[in-house]
1. Using only Cα atoms, locate the centre of region 160-215 and the centre of region 23-84, then give the distance between them in Å, rounded to an integer.
2. How high is the relative contact order of the chain? Use alpha-carbon pairs under 8 Å, at least six apart in sequence, and give a whole percent.
3. Local charge sum around ARG255 (other residues, Cβ-Cβ under 12 Å, Lys/Arg +1, Asp/Glu -1)?
4. Among 177-184, 113-120, what's the highest-first ranking by average C-beta atoms within 10 angstrom per residue?
5. Provide LEU233, LEU25 in ascending order of the number of other Cβ atoms located within 10 Å of each residue's Cβ, fewest first.
6. Amide H of SER168 versus every other amide H placed in the peptide plane: which residues, excluding those fewer than 5 positions away on the same chain, fall under 5 Å?
7. Which ordering of MET218, MET1 is given by a fewest-first count of other beta-carbon atoms within 10 Å?
8. Which one of SER44, PRO158, LEU245 is farthest out on the positive end of the charge dipole of the chain, using unit charges on Cβ (Lys, Arg +1; Asp, Glu -1) and the Cα centre as origin?
Amino acid sequence: MDLYVNQSRSSASLKEAIYNGAIFLETGLQAAQRMREFAVHSISHVFEGVVDHRSIHRLMPVEEFVSNVTRLKGYFTNSGEVKEIIRGFVVELGEDPADYLFDVPRLRVVPHYEYLHAGISYAYKPHRDTWYGAVQCQLNTWMPVYGITPDQTMMINPSYFTVPVKNSSADWQLTDWIGNERWRASSNVKEETRPHPVPLEEVSTSAELRVAPNAGEMLIFSGVHLHGTVPNLTDCTRFSVDFRLMHIGDMKAGRGAINVDNGCADAEAGFKDYFHADSFKPFEGLTV
C-alpha cells in the first residue's frame, strides 16, 4: 500500500493511484475545513446549548439521542451548502466538476459502543462499499469533525485490497436497502436487525491501518478498500463526515479498482442518489 500525505493536488493520477490501492491523507484542504465548520454549525443547531458536543451521549437517554441525531443527519445532508463545498473540493483537487458525480455527504455520530452501536450509529463490520452497491471507481473521503485517537477512528485493512473475502454481498440487494431498510435506522436501538453484507470468514486484523487525523483532516481512498468502524469504547462521541465521488467517464468505461469478491448485482439502484458535481442535477443513469 502507498500512503501519500498532502500530495493529492500535485498528483496527475490521483484516481488511478487510488484504483491501485493508494490512500491519500490531506491535512490542509480548504474544502475539508469548510465541511467541518458546517458540521459543527449543524451539531450546534440541533444540540442547542450543548457546549461539549462529544459529551452528548452522557446528557440524554438513548431514545432522545436517536431522535436528535436523526434530525441532525437530515439537516446536514439535505443542505445546499454541502453540495457547494463538494464542488469546491473537486476543484481544489485540480479536477473538473463536470467529470464527476457525488453521493451526498453523511454526518456520522458514534457514541460509546455500549450506549448505542446500531441503527443511526451502526458500527460497520469490515466491508467494501462495493458490497453495498458502490461502483468500482468510487473514491471515498472520510474526516473527523473533532480530533480523534486510534481507538475512535475508522480502520482500513489494505492487505485485503486484492485478496478476496468470503462475504454475503451476493445475497444482499441495494434496491431493498434503499426502499425498505435504510429508513428503519431510527428504530434499531437495542440491536441492529437490518441485513448488511458482511464477511463470512474471519478477517485478520494484523495489517489494520488506524489513522487518527486532527479535526478536518481527510482520508481519500477506494471504495474497494476493506474498512469498518472501530468500536468506540471511549467516553467521547465521535463525529465524522464522509462522501463519495465517481468519475463519469470511468463509470461508463467500466474502469476502477479490481473486483475481487463483490457479488452485489444491482448497483444501478443507487444511481438515483448521485448528483452531478458541476450542476447538482440528479444523475439519470449511464447511457450507451
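1. Cα centroid of region 160-215 versus Cα centroid of region 23-84: 23 Å apart.
2. Here the relative contact order equals 32 percent.
3. The answer is 0.
4. For the peptides 177-184, 113-120, the packing ranking is 113-120, 177-184.
5. Sorted ascending by nearby Cβ count, the order is LEU233, LEU25.
6. So SER168 has HN proximity to VAL198, LEU200.
7. Listed from fewest to most nearby Cβ atoms, that is MET1, MET218.
8. Going by the charge dipole, the pick is SER44.
Values quoted throughout were computed directly from the atomic coordinates according to the rules given, and no laboratory measurement underlies them. This structure is a prediction, so every number in the text was calculated from the model and none was measured. Cβ atoms come from the backbone with ideal geometry, glycine included; neighbour counts cover every protein chain shown.
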